[in-house]
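Here the structure comes first, spelled out in structure tokens, and everything after it is commentary.
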Amino acid sequence: MLLLAVGVAAVLAILVTRGSNDSESSEPSNENTTNEAETVTKTTKEETPKTEVKADPVAEAPAEEVATEAPAEEAANEAPAEETADEAPAEETADETASDEAPTKAPQPEAAVTTTGLNGDDLGPNVVALLEVSGDHLGGAARATLAAAVQLAKATDVELHVCCLGSATQSAKEACVEGVTAVHTITNDAFNEPVAELYTAAALTALQATQASIVVAPASSVAKDYLPRVAETLGAGMISEAIAVDGPKTFKRALWAGSAIATVEAHSERLALTIQPTAFDPVKPGDGSTSAIEFEVPATKTRFIEFAGTVSERPSLGDAEVVVAGGRGCGVSGGESEFDFGPVENLADSLGGAIGASRAVVDAGWVPNDWQIGQTGKTVAPKLYIACGISGAIQHVAGMKGSKTIVAINKDPEAPIFQVADYGLVGDLHQLCPELIEKISNEGLKVG
Ligand SMILES: Cc1cc2nc3c(=O)[nH]c(=O)nc-3n(C[C@H](O)[C@H](O)[C@H](O)COP(=O)(O)OP(=O)(O)OC[C@H]3O[C@@H](n4cnc5c(N)ncnc54)[C@H](O)[C@@H]3O)c2cc1C
């Protein structure tokens, strides 16, 4: 329903009445990042389900395939930029060349072992869900992955094992839910450093220990990095960011910012699958016993140096029940700054929510990159999403349309965002946000 009104009463009404499901989220969505050589793709527009699109550029020239021909890491390993610079700095080389001496060849680093040596021989038919865990409870993305894995194991008629990876895996017991045969853990401090080779080795160990040849993981940034490697090692088909399980080998994926849905089918016995967590209702946390899988941390060709995350008191975009996002409408003229995100930040804080943004304002440098929501940003599905001064471009909507209730504040009554909004306020966000905050504060409203 689209209700356009200059006023705040309708919005406030939903703040206290709407939304009861868990919120879910996923990491930023990379486009075309997976090898789908083992899959066939049939693309169908949502509105006209029988229309087939023959050419799917994603399937024809997957980015991962190109990357595997000359992996950046291997190239870096042969002559790492940093090390080369340390050992034979450009200036020195120039001096040596000038004095007619042969330039010193930078020593090559020793070859490192990349995996535990497993290659996936003698795997069984089971499904294993790999979950990155930390803390005392399973997050929404992990529980959504479990939901997808339960569906897949049922469709395949095999056992479903879960393997939780992390430096602290006490939350694994919550993965003991209906449909799961056994829950395992691989606990090691090494997982604090998200090196893909490490996770690949752990995944192969888990596959062998659980007699599985089908592996499912959430489309997290870590899994997007390591799961294609697992698929390559196993010779498995790889299907990325599935939004539905149609059968043992058949899945749905969103294409072109969700404007088309592709049905894809794996033709291989072995399968690696990432799922889009916001597309599945998370299972309720269970309780039960788990068993540890032994794992030998391999030497890796890459090493972790630093994680430069944003520190914030606010809830993360992935976990927040409320997300308030700002767009180019936060711009101001005539002041010291060309923008004012204050109304958006204050509204988010008044509701205990997280802050998001459109790509336009991220690209403009107004806000940090990790606030971006959309096709090339994060996907969120909170109970309440308030879009302030965001036009509603398809690429933005792709990242928030799963929200339970969407409120749009925009001064243009024709803005496309109103087509996906449940409630709309037409007006200036710099005026309407403070009005909303005042009502929320005066009446002690919160999202329930
Ligand atoms: C390949 C690709 C990937 C992309 N990925 C993303 C992505 O992940 N996320 C994303 O967001 N975009 C993405 N984009 C960009 C996207 O197409 C839009 O350009 C962008 O979302 C527009 O941001 P905006 O809505 O803030 O700005 P605009 O489109 O300029 O809209 C600003 C809105 O603010 C309103 N407004 C202005 N002043 C006020 C005011 N004072 N009060 C209230 N309303 C006001 C205007 O009416 C307008 O509707 C992508 C584009 C491409 C091509």
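The values are calculated or read from the model by the stated rules, or taken from the named source; none is laboratory data. The model shown is predicted, which means the values in this text are computed figures rather than measured ones. What goes into the accessible areas is simple: the full protein's heavy atoms, side chains included, and nothing from ligands, DNA or RNA. Shrake-Rupley method; radii C 1.70, N 1.55, O 1.52, S 1.80 Å.
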* Asked: Which whole-Hz ³J(HN,Hα) couplings does segment 370-387 yield from phi under the Karplus relation 6.51 cos²θ - 1.76 cosθ + 1.60, θ = phi - 60°, glycine and proline marked x?
  -> 6, 8, 5, 10, x, 3, 10, x, 8, 9, 10, 8, x, 5, 9, 10, 10, 9
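According to the square roots a ≥ b ≥ c of the eigenvalues of the Cα gyration tensor, what is the shape class of segment 288-421, taking rounded for a/c under 1.5, prolate for a/b larger than b/c otherwise, and oblate for the remainder?
Working: a/c = 2.28, a/b = 1.73, b/c = 1.32.
The shape class here is prolate.
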* Would you please classify the overall shape of segment 288-335 from the alpha carbon gyration tensor, given that a ≥ b ≥ c denote the square roots of the eigenvalues, rounded means a/c under 1.5, and beyond that prolate means a/b larger than b/c while oblate covers the rest? => oblate
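Taking Cα pairs under 8 Å and at least six residues apart, what relative contact order does segment 225-268 come out at, in percent?
On the way: 51 pairs, mean separation 12.8, N = 44.
Computed value for segment 225-268: 29 percent relative contact order.
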* To do: Name the residues whose placed amide hydrogens come within less than 5 Å of the amide hydrogen of residue 272, ignoring near sequence neighbours (fewer than 5 apart) on the same chain.
  => 215, 237, 238, 239
* Can you work out ³J(HN,Hα) from phi for every residue in segment 198-210, in order, using Karplus 6.51 cos²θ - 1.76 cosθ + 1.60 and θ = phi - 60°, giving whole Hz and x for Gly and Pro? -> 5, 5, 4, 5, 5, 5, 5, 4, 5, 4, 5, 5, 9
* Expressed as a rounded percentage, what relative contact order does segment 180-323 have, with Cα pairs under 8 Å and six or more residues apart? -> 30
* Got a number for the accessible area of residue 154? Probe 1.4 Å, square angstrom, nearest 10. -> 150
